[in-house]
Amino acid sequence: MKTLIKSICIFTCTAAFISCGSTPKQEAKAAPQHRELTVISSQPKVSKNTDTPAVLYAKKLQDIQLVTVSSPAATSSGKAFASPFVFKAQKTDGTPVAGLELALTYPESRNSNGISFGLQEFKTDENGTVSFTSPVPAKAYDSIVRVYPQGDITDPEIAAIAEKLSASASYRVKTDKLYAGGTIAIVDFNQNDKPVTNNSVSSSNLLMALMKQGFKRIGNADFTQAILQEDNAVVYKSAKALLGNNSAFIVYGTVKYDQVTTKTEDGKYTCSLSGKITCMDMSNGAVLYQGTDSVTVTEDKEWNCLPNARKALADKLAVQILYGL
C-alpha cells in the first residue's frame, strides 16, 4: 500500500516538473520570433526606390525632344537621294543635347509581303544633330525614316515611350519603270457585288491617273475572267498569252462598293469604293507589289457620286503604284 502511494507521487511530481520546465523554453523562443518580424516589416522600404527599366528610360529622356531638321525630296530607285536626312535632339527650351544615343530605321528591302527596315545607331554631335545618308535605294518606296532614343524596344513600355519621342521624315522613291511599258486591267463590280465584264471605267481612270504620274507606253487590256479566279498563276498565263513580250508589267485588280450611293440627311449623295491591285513582272510572273485603298465621296448630284468616286480611287491607287512598282 505504501509502495502504490509512492509511485503516484513520483508520477505527479515528474509531470509537474515537465510542465513547469517547458514554460521558460517557450518564452525564450518567443523573443527571437518578435525580432524577426521586425526585420521583415522593414523590407518594403527598400523596394520603394527600385525603378523599372521603362521608368529609368523615361527619366533619362525627361525634357528632351527629337525634331526633323531636313529631309531630301523623292528620288527614283537606283538613284541616290540628293541630301541626307538630318534630325536634332534638344531640350524643350531649344538647347541642343550632345552625346545622346539614337537609333534610326529606314527602308532597306521590299517584297510582296511588305517592307523590311534597316537599323543604324548614332550619337548626337555638339549641336545635338545626327545626319543619315541613305544607301542608294534599289526598290520603290513610300515609307519613312524614323529616329528614336536607343533603348530595349522589346519592352512594350519602352517601345511606347520611344514611339512618343521619335521623329520621322518621308522616304519616297519612285519606280524606275515609268518608261518600261505596262498594261492595266481592273474589274469593276456593280452595286449587287457582281462583276462588270463588258466595260471597266475604273481601268480607264487608273490608266489616265498613271499617265498623269509620268508613266509612258501603257494601255488597257481585258483578261477579266482570269482576274476573277483570284489566282496569280492563272492571271500571268492569260496575260502572257494575250500580250506576249510587249508589256514589262501588268497592274490588275478589282474595284467594289463599300457603300452604294445613298442620300444623306442634308440632301446630298455619298458612296464608298475600295480597290485592290496587284503589280506583276511579266518577264517571270513575280508579284512586285500588292495594295488596297478606299474612298468616300459626297456630291450634290447623285449622278456625279459614283464617277467621281472612281476617279478619286484611281488617283490614290496610281500613287501607290508610282512608289510601289
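The values are calculated or read from the model by the stated rules, or taken from the named source; none is laboratory data. Predicted, not measured: the structure shown is a model, and the values here were computed from it. Note that we place each Cβ from the backbone using ideal geometry, even for glycine, and neighbour counts take in every protein chain shown. Ligands, DNA and RNA are stripped out before the accessible areas are found, and what is left, the full protein with its side chains, is counted by its heavy atoms. Shrake-Rupley method; radii C 1.70, N 1.55, O 1.52, S 1.80 Å.
For a quick size check, give me the Cα extents of segment 46-167 along its three principal axes, largest first, whole Å.
The Cα atoms of segment 46-167 stretch 58, 35, 17 Å along the principal axes, largest first.
Could you sort the peptides 243-252, 290-299 by per-residue average Cβ neighbour count (10 Å cutoff), highest mean leading? Spell out each step's value before the answer.
On the way: 243-252: 18.7, 290-299: 16.4.
Going from most to least packed, we get 243-252, 290-299.
Once you put a point 7 Å from the Cα of Ser109 and another 7 Å from the Cα of Leu228, both along the Cβ direction, what distance in nm separates them?
Each label point is offset 7 Å from its Cα along the Cβ direction, giving 3.9 nm.
May I ask for the equivalent-ellipsoid semi-axes of segment 75-146, computed as the square root of five times each C-alpha gyration tensor eigenvalue and listed largest first in whole Å?
28, 13, 10
Based only on Cα atoms, what Rg/Rh ratio does segment 103-183 have, Rh being taken as Kirkwood's radius?
1.06
Report the gain in length on full extension from Asp155 to Lys240: 0.36 nm times residue separation, minus Cα-Cα distance, nm rounded to one decimal.
This chain segment gains 25.7 nm when fully extended.
Taking every DSSP beta bridge that has both residues in segment 138-288, what percent is antiparallel when rounded to the nearest 5?
70 percent
Among Ala226, Ile250, Asn198, whose Cα lies farthest out toward the positive end of the dipole of segment 194-253, if unit charges sit on the beta carbon of Lys, Arg (+1) and Asp, Glu (-1)?
It is Ile250.
Stick to Cα atoms and the Kirkwood definition of Rh, then tell me Rg/Rh for segment 179-308.
1.02
Alpha carbons only, please: Rg and Dmax for segment 138-201, in angstrom.
21.5, 57
In debye, nearest 20: dipole of segment 194-256 around its Cα centre with unit charges on the Cβ of K, R (+) and D, E (-)? Kindly include the intermediate steps, with their values, before the conclusion.
Working: 7 positive and 3 negative charges, 41 e Å.
The calculated dipole for segment 194-256 is roughly 200 debye.
Past the 28 Å Cα-Cα mark, which pairs from Lys177/Lys240; Lys174/Lys240; Lys79/Lys311?
As for pairs spanning more than 28 Å Cα to Cα, those are Lys79/Lys311.
Rounded to a whole number, what % of the accessible area of segment 98-256 do carbon and sulfur atoms account for, probe 1.4 Å?
It is 46 percent, rounded to a whole number.
When the convex hull of the Cα atoms of segment 65-115 is projected onto a plane and the area is averaged over all directions, what value comes out in nm²?
Taking the Cα atoms of segment 65-115, their convex hull projects to 5.1 nm² on average.
Can you check what the net charge comes to around Lys212, using other residues whose Cβ is under 13 Å from the Cβ of Lys212 (Lys, Arg +1; Asp, Glu -1)?
+2
Diagonalise the Cα gyration tensor of segment 246-325 and give the resulting equivalent ellipsoid semi-axes, square root of 5 times each eigenvalue, largest first, whole Å.
32, 10, 9
In bins 5 Å wide, starting from 0, what share of all Cα pairs of segment 213-263 does each bin hold, as a percent?
Taking every Cα pair in segment 213-263, the percentages come to 4, 16, 25, 18, 13, 11, 7, 4, 2, 0.
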